[in-house]
1. Among (1) open to solvent by 40 Å² or more (accessible area, probe 1.4 Å); (2) modelled with pLDDT under 95; (3) aliphatic (A, V, I, L, M), where does residue 236 come up short?
2. Where residues in region 174-204 are closer than 18 Å to residue 274 by Cβ and touching a Lys or Arg at 6+ places or on another chain (Cβ under 9 Å), which of them is surrounded by the fewest Cβ atoms within 10 Å (Cβ to Cβ)?
3. Could you list, in sequence order, the residues of region 60-73 that are assigned to a helix (DSSP H, G or I) and in contact with a Gly (Cβ under 7 Å, 6 or more places away or on another chain)?
4. Which ones in region 8-30 are within 22 Å of residue 143 (Cβ to Cβ) and either open to solvent by 20 Å² or more (accessible area, probe 1.4 Å) or in a loop (DSSP other than H, G, I, E, B) (or both)?
5. May I ask you to say which residue of 209, 226, 155, 195 is more than 30 Å from residue 124 (Cβ to Cβ) and touching a His at 6+ places or on another chain (Cβ under 7 Å)?
6. Restricting attention to region 193-236, and to residues there that are out of contact with any Pro (no Cβ under 8 Å at 6 or more places or on another chain) and of a type in the set (Val, Ile, Thr), which single residue is farthest from residue 271 (Cα to Cα)?
7. Go through region 45-60 residue by residue and tally those that are open to solvent by less than 20 Å² (accessible area, probe 1.4 Å) and in contact with an Asp or Glu (Cβ under 9 Å, 6 or more places away or on another chain).
8. Hey, can you tell me all the residues within region 27-80 that are of a type in the set (D, E, K, R) and over 30 Å from residue 236 (Cα atoms)?
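The values are calculated or read from the model by the stated rules, or taken from the named source; none is laboratory data. This structure is a prediction, so every number in the text was calculated from the model and none was measured. FYI the Cβ positions are ideal-geometry reconstructions off the backbone, even for glycines, and counts take in every protein chain you see. Just so you know, the surface numbers come from the protein's heavy atoms only, side chains and all, with ligands and any DNA or RNA stripped out. Shrake-Rupley method; radii C 1.70, N 1.55, O 1.52, S 1.80 Å.
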Amino acid sequence: MIVVTGATGNVGRSLVQALAGAGEKVTATSRRVADADLPDGVQARPADLTDAGSLRPVLDGADALFLQNGGADAHLLDPGRILDAARDGGVRRVVLLSSQGVVTRPESASHGGVGRAIEDAVRRSGLDWVILRPGGFDSNAYAWAESVRTVRTVAAPFGDVGLPTVDPDDIAEAAAATLREDGHAGQVYELTGPALSTPRQRARALAEALGEPVRFVEQTQDEARAQLLRFMPGPVADTTLAILGEPTPAERRISPDIERILGRAPRTFADWAHRHVAAFR
(Lines give C-alpha, C1' and ligand atoms only; values in the text may rest on other atoms or scores of the structure.)
Protein backbone atom coordinates (compact mmCIF):
# COMPACT_ATOMS: atom_id res chain seq x y z
CA MET A 1 0.00 0.00 0.00
CA ILE A 2 1.16 3.52 -0.85
CA VAL A 3 0.09 6.44 1.36
CA VAL A 4 -0.15 9.84 -0.38
CA THR A 5 -0.17 12.89 1.86
CA GLY A 6 -1.45 16.19 0.49
CA ALA A 7 -3.79 14.11 -1.65
CA THR A 8 -6.12 17.01 -2.54
CA GLY A 9 -3.32 19.31 -3.77
CA ASN A 10 -2.10 19.98 -7.30
CA VAL A 11 0.49 17.21 -7.17
CA GLY A 12 -1.18 14.82 -4.73
CA ARG A 13 -4.45 14.62 -6.64
CA SER A 14 -2.68 13.71 -9.88
CA LEU A 15 -0.39 11.28 -8.06
CA VAL A 16 -3.32 9.40 -6.56
CA GLN A 17 -4.85 9.06 -10.02
CA ALA A 18 -1.57 7.87 -11.54
CA LEU A 19 -0.98 5.26 -8.84
CA ALA A 20 -4.56 4.01 -8.93
CA GLY A 21 -4.40 3.83 -12.72
CA ALA A 22 -1.30 1.66 -12.40
CA GLY A 23 -3.18 -0.79 -10.18
CA GLU A 24 -1.56 0.21 -6.88
CA LYS A 25 -3.39 0.04 -3.57
CA VAL A 26 -3.53 3.67 -2.45
CA THR A 27 -4.56 5.48 0.70
CA ALA A 28 -5.09 9.21 0.17
CA THR A 29 -4.79 11.53 3.13
CA SER A 30 -5.13 15.24 3.84
CA ARG A 31 -7.01 17.35 6.36
CA ARG A 32 -10.19 17.18 4.30
CA VAL A 33 -10.42 14.26 1.94
CA ALA A 34 -13.45 12.15 1.07
CA ASP A 35 -14.05 9.06 -1.05
CA ALA A 36 -16.04 11.19 -3.49
CA ASP A 37 -12.86 13.16 -4.30
CA LEU A 38 -10.93 10.06 -5.33
CA PRO A 39 -10.79 7.38 -8.03
CA ASP A 40 -12.63 4.12 -7.37
CA GLY A 41 -10.72 1.81 -5.06
CA VAL A 42 -8.70 4.55 -3.33
CA GLN A 43 -9.27 4.84 0.40
CA ALA A 44 -9.72 8.31 1.94
CA ARG A 45 -8.21 8.77 5.42
CA PRO A 46 -8.28 12.31 6.85
CA ALA A 47 -5.17 13.25 8.83
CA ASP A 48 -3.08 16.32 9.56
CA LEU A 49 0.64 16.45 8.78
CA THR A 50 1.13 18.86 11.68
CA ASP A 51 -0.21 16.15 14.02
CA ALA A 52 2.05 13.14 13.53
CA GLY A 53 -0.15 11.06 15.84
CA SER A 54 -3.07 11.38 13.42
CA LEU A 55 -0.95 9.71 10.74
CA ARG A 56 -0.14 6.56 12.70
CA PRO A 57 -3.35 4.65 11.88
CA VAL A 58 -3.14 5.83 8.25
CA LEU A 59 0.40 4.49 7.88
CA ASP A 60 -0.21 1.14 9.51
CA GLY A 61 0.47 -1.56 6.90
CA ALA A 62 1.88 0.82 4.28
CA ASP A 63 4.91 -0.03 2.14
CA ALA A 64 5.66 3.43 0.76
CA LEU A 65 4.93 7.06 1.63
CA PHE A 66 4.67 10.19 -0.49
CA LEU A 67 5.44 12.98 1.96
CA GLN A 68 4.37 16.48 1.02
CA ASN A 69 6.59 19.10 2.65
CA GLY A 70 3.78 20.93 4.43
CA GLY A 71 3.68 24.03 2.27
CA ALA A 72 2.77 27.08 4.33
CA ASP A 73 2.59 24.89 7.45
CA ALA A 74 6.05 23.37 6.97
CA HIS A 75 7.36 25.08 10.10
CA LEU A 76 4.71 23.25 12.15
CA LEU A 77 5.78 19.78 11.01
CA ASP A 78 7.71 17.35 13.20
CA PRO A 79 9.29 15.29 10.41
CA GLY A 80 11.10 12.98 12.83
CA ARG A 81 7.81 11.88 14.41
CA ILE A 82 6.16 11.48 11.01
CA LEU A 83 8.98 9.26 9.82
CA ASP A 84 8.96 7.28 13.06
CA ALA A 85 5.27 6.61 12.49
CA ALA A 86 6.00 5.58 8.91
CA ARG A 87 8.74 3.17 9.95
CA ASP A 88 6.58 1.72 12.73
CA GLY A 89 3.76 1.19 10.23
CA GLY A 90 5.98 -0.84 7.90
CA VAL A 91 6.97 1.82 5.37
CA ARG A 92 10.24 1.03 3.60
CA ARG A 93 10.34 3.81 1.00
CA VAL A 94 9.62 7.54 1.31
CA VAL A 95 9.47 10.07 -1.51
CA LEU A 96 9.61 13.67 -0.28
CA LEU A 97 8.18 16.57 -2.27
CA SER A 98 10.66 19.27 -1.28
CA SER A 99 11.53 22.52 -3.07
CA GLN A 100 14.30 23.90 -5.22
CA GLY A 101 14.55 26.76 -2.72
CA VAL A 102 16.23 24.44 -0.21
CA VAL A 103 19.44 24.87 -2.19
CA THR A 104 18.87 28.10 -4.11
CA ARG A 105 17.59 30.15 -1.14
CA PRO A 106 19.24 28.52 1.90
CA GLU A 107 19.20 31.83 3.78
CA SER A 108 15.40 32.00 3.58
CA ALA A 109 13.61 30.46 6.55
CA SER A 110 10.51 29.87 4.43
CA HIS A 111 12.18 28.41 1.35
CA GLY A 112 15.48 27.02 2.63
CA GLY A 113 15.77 26.51 6.37
CA VAL A 114 12.60 24.57 7.11
CA GLY A 115 12.87 22.59 3.90
CA ARG A 116 16.44 21.58 4.68
CA ALA A 117 15.41 20.32 8.13
CA ILE A 118 12.72 18.13 6.58
CA GLU A 119 15.14 16.79 3.95
CA ASP A 120 17.71 16.02 6.64
CA ALA A 121 15.12 14.09 8.67
CA VAL A 122 14.25 12.01 5.60
CA ARG A 123 17.92 11.24 4.99
CA ARG A 124 18.35 10.12 8.61
CA SER A 125 15.17 8.05 8.64
CA GLY A 126 16.79 4.72 7.76
CA LEU A 127 14.26 4.30 4.94
CA ASP A 128 14.94 4.17 1.22
CA TRP A 129 14.41 7.81 0.30
CA VAL A 130 14.03 9.99 -2.76
CA ILE A 131 13.86 13.79 -2.70
CA LEU A 132 12.04 15.73 -5.42
CA ARG A 133 12.88 19.43 -5.71
CA PRO A 134 10.57 21.20 -8.17
CA GLY A 135 10.84 24.85 -9.11
CA GLY A 136 7.80 27.07 -9.70
CA PHE A 137 4.58 25.32 -10.72
CA ASP A 138 2.70 26.00 -13.95
CA SER A 139 -0.44 25.90 -11.82
CA ASN A 140 0.58 29.15 -10.11
CA ALA A 141 -1.15 30.67 -13.13
CA TYR A 142 -4.46 29.87 -11.42
CA ALA A 143 -3.83 33.15 -9.56
CA TRP A 144 -4.71 34.85 -12.85
CA ALA A 145 -7.89 32.86 -13.47
CA GLU A 146 -10.41 35.41 -12.20
CA SER A 147 -8.89 38.36 -14.06
CA VAL A 148 -8.63 36.32 -17.25
CA ARG A 149 -12.23 35.17 -16.94
CA THR A 150 -13.62 38.63 -16.20
CA VAL A 151 -11.45 41.10 -18.11
CA ARG A 152 -9.11 38.88 -20.19
CA THR A 153 -6.10 40.37 -18.40
CA VAL A 154 -3.00 38.97 -16.72
CA ALA A 155 -1.24 41.27 -14.26
CA ALA A 156 2.21 40.19 -13.04
CA PRO A 157 5.60 41.67 -12.21
CA PHE A 158 8.85 41.06 -14.09
CA GLY A 159 7.08 40.37 -17.37
CA ASP A 160 10.19 39.39 -19.30
CA VAL A 161 12.05 37.34 -16.68
CA GLY A 162 11.97 33.66 -17.58
CA LEU A 163 11.83 30.63 -15.30
CA PRO A 164 11.49 26.92 -16.23
CA THR A 165 8.16 26.37 -14.47
CA VAL A 166 7.04 22.75 -14.18
CA ASP A 167 3.72 21.00 -14.77
CA PRO A 168 2.40 19.48 -11.51
CA ASP A 169 1.30 16.41 -13.47
CA ASP A 170 4.95 15.81 -14.43
CA ILE A 171 5.90 16.04 -10.76
CA ALA A 172 3.15 13.53 -9.95
CA GLU A 173 4.30 11.10 -12.64
CA ALA A 174 7.90 11.37 -11.43
CA ALA A 175 6.71 10.71 -7.88
CA ALA A 176 4.70 7.69 -9.02
CA ALA A 177 7.74 6.26 -10.80
CA THR A 178 10.04 6.71 -7.81
CA LEU A 179 7.45 5.23 -5.45
CA ARG A 180 6.90 2.15 -7.63
CA GLU A 181 10.30 1.47 -9.21
CA ASP A 182 13.60 0.35 -7.77
CA GLY A 183 16.82 2.15 -8.58
CA HIS A 184 15.97 5.61 -7.25
CA ALA A 185 16.95 5.27 -3.58
CA GLY A 186 19.23 8.02 -2.34
CA GLN A 187 18.56 10.27 -5.35
CA VAL A 188 17.73 13.97 -5.32
CA TYR A 189 15.91 15.06 -8.48
CA GLU A 190 15.37 18.66 -9.58
CA LEU A 191 12.16 18.97 -11.58
CA THR A 192 11.65 21.78 -14.08
CA GLY A 193 9.88 22.43 -17.33
CA PRO A 194 11.64 22.09 -20.71
CA ALA A 195 12.28 25.80 -21.32
CA LEU A 196 12.32 29.22 -19.73
CA SER A 197 9.01 31.03 -19.95
CA THR A 198 8.16 34.59 -18.92
CA PRO A 199 4.87 35.86 -17.47
CA ARG A 200 4.24 37.66 -20.75
CA GLN A 201 4.75 34.41 -22.68
CA ARG A 202 2.50 32.50 -20.29
CA ALA A 203 -0.24 35.08 -20.80
CA ARG A 204 0.17 34.58 -24.55
CA ALA A 205 -0.13 30.80 -24.10
CA LEU A 206 -3.38 31.27 -22.19
CA ALA A 207 -4.67 33.46 -25.00
CA GLU A 208 -3.84 30.76 -27.55
CA ALA A 209 -5.58 28.13 -25.44
CA LEU A 210 -8.67 30.33 -25.13
CA GLY A 211 -8.65 31.44 -28.74
CA GLU A 212 -9.07 35.04 -27.56
CA PRO A 213 -6.70 37.92 -26.80
CA VAL A 214 -5.42 38.23 -23.23
CA ARG A 215 -3.85 41.56 -22.27
CA PHE A 216 -0.66 41.55 -20.18
CA VAL A 217 -0.18 44.30 -17.60
CA GLU A 218 3.18 44.53 -15.87
CA GLN A 219 2.84 45.23 -12.16
CA THR A 220 5.34 47.18 -10.13
CA GLN A 221 7.11 45.25 -7.40
CA ASP A 222 5.11 47.10 -4.76
CA GLU A 223 1.82 46.23 -6.47
CA ALA A 224 2.82 42.59 -6.71
CA ARG A 225 3.93 42.49 -3.06
CA ALA A 226 0.63 43.95 -1.88
CA GLN A 227 -1.20 41.24 -3.80
CA LEU A 228 0.98 38.45 -2.39
CA LEU A 229 0.51 39.71 1.17
CA ARG A 230 -3.17 38.81 0.93
CA PHE A 231 -2.28 35.13 1.27
CA MET A 232 1.35 34.82 2.47
CA PRO A 233 3.55 36.36 5.18
CA GLY A 234 5.88 39.23 4.32
CA PRO A 235 9.16 37.26 4.32
CA VAL A 236 7.66 34.62 2.02
CA ALA A 237 6.36 37.33 -0.32
CA ASP A 238 9.78 38.99 -0.43
CA THR A 239 11.56 35.73 -1.24
CA THR A 240 8.97 34.90 -3.89
CA LEU A 241 9.49 38.28 -5.55
CA ALA A 242 13.26 37.81 -5.42
CA ILE A 243 12.91 34.49 -7.25
CA LEU A 244 10.55 35.99 -9.84
CA GLY A 245 12.60 39.15 -10.40
CA GLU A 246 16.21 38.11 -9.86
CA PRO A 247 16.43 34.34 -10.20
CA THR A 248 19.78 32.72 -9.57
CA PRO A 249 21.48 30.72 -12.34
CA ALA A 250 20.37 27.55 -10.51
CA GLU A 251 16.74 28.72 -10.56
CA ARG A 252 16.97 29.32 -14.30
CA ARG A 253 18.67 26.00 -15.05
CA ILE A 254 16.65 23.49 -17.06
CA SER A 255 17.02 20.10 -15.41
CA PRO A 256 17.12 16.81 -17.33
CA ASP A 257 15.71 14.85 -14.39
CA ILE A 258 12.09 14.49 -15.52
CA GLU A 259 13.29 12.99 -18.79
CA ARG A 260 15.68 10.72 -16.89
CA ILE A 261 12.86 9.42 -14.71
CA LEU A 262 10.03 9.24 -17.26
CA GLY A 263 11.88 8.70 -20.53
CA ARG A 264 10.20 11.72 -22.14
CA ALA A 265 10.59 15.47 -22.11
CA PRO A 266 8.60 17.49 -19.57
CA ARG A 267 5.44 19.23 -20.74
CA THR A 268 5.44 22.92 -21.66
CA PHE A 269 3.35 25.64 -20.03
CA ALA A 270 1.28 25.73 -23.22
CA ASP A 271 0.45 22.05 -22.69
CA TRP A 272 -0.70 22.86 -19.15
CA ALA A 273 -2.76 25.83 -20.34
CA HIS A 274 -4.62 23.77 -22.96
CA ARG A 275 -5.46 21.03 -20.42
CA HIS A 276 -6.74 23.50 -17.82
CA VAL A 277 -8.26 26.18 -20.05
CA ALA A 278 -11.73 25.66 -18.54
CA ALA A 279 -10.58 27.46 -15.38
CA PHE A 280 -9.91 30.60 -17.45
CA ARG A 281 -13.04 30.70 -19.63
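1. That leaves (1) as the condition not met.
2. Filtering region 174-204 for residues that are closer than 18 Å to residue 274 by Cβ and touching a Lys or Arg at 6+ places or on another chain (Cβ under 9 Å), the one surrounded by the fewest Cβ atoms within 10 Å (Cβ to Cβ) comes out as 194.
3. None; the set is empty.
4. Residues satisfying the conditions are 8, 9, 10, 13, 14, 30.
5. Selected residue: 209, the only one of 209, 226, 155, 195 that is more than 30 Å from residue 124 (Cβ to Cβ) and touching a His at 6+ places or on another chain (Cβ under 7 Å).
6. For region 193-236, the residue satisfying everything is 236.
7. 3
8. 35, 37, 40, 45, 56, 60, 63
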